[in-house]
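Trainee: I have a structure here, written as structure tokens, and I will follow up with some questions on it.
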């Protein structure tokens, strides 16, 4: 099933099957379905992908796939969203919003000690 979902992202005409795979309980299939929704730019998958991005409990790999899908499904939303993050509060001192989104915290890379 996993390779089938991957293949569906490369061939037109499988939008309904990709949307069905988004509901899979298998984490690998779910991730691949989110990737496929982004590759196919499935607007119908937008509510599901947005829920994944906004949920603080989304697993990291699924979250990364959802963030990438956001840029493909709704590129203007991504630009608009990033502008609110990167726009300075004043012209002199740029700063981040007081409450960063939960998905941003999950995506931060922390150095490991060896």
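Trainee: Looking only at residues that are in a helix (DSSP H, G or I) and farther than 16 Å from residue 73 by Cα in the range 2-14, which one is modelled with the lowest pLDDT? Give the steps one after another, and end with the answer.
Mentor: Taking the range 2-14 first, the residues in a helix (DSSP H, G or I) are 2-10.
From what is left, the residues that are farther than 16 Å from residue 73 by Cα are 2-8.
Values: 2: 84, 3: 87, 4: 90, 5: 92, 6: 90, 7: 91, 8: 91.
So, considering only residues that are in a helix (DSSP H, G or I) and farther than 16 Å from residue 73 by Cα, the one modelled with the lowest pLDDT is 2.
Trainee: Note down all Cβ pairs under 6 Å where the first residue falls in the range 23-42 and is under 10 Å from residue 9 (Cβ atoms), the second is assigned to a loop (DSSP other than H, G, I, E, B), and they're at least six residues apart or on different chains.
Mentor: 33/22
Trainee: Of 25, 84, which residue is surrounded by fewer than 20 Cβ atoms within 10 Å (Cβ to Cβ) and modelled with pLDDT under 90? Can you show your working first?
Mentor: Numbers: 25 fails: modelled with pLDDT under 90.
Of the residues listed, the single one that is surrounded by fewer than 20 Cβ atoms within 10 Å (Cβ to Cβ) and modelled with pLDDT under 90 is 84.
The values are calculated or read from the model by the stated rules, or taken from the named source; none is laboratory data. None of these values were measured; they are calculated from a predicted model. All Cβ positions, glycine included, derive from the backbone under ideal geometry; neighbour counts span all protein chains shown.
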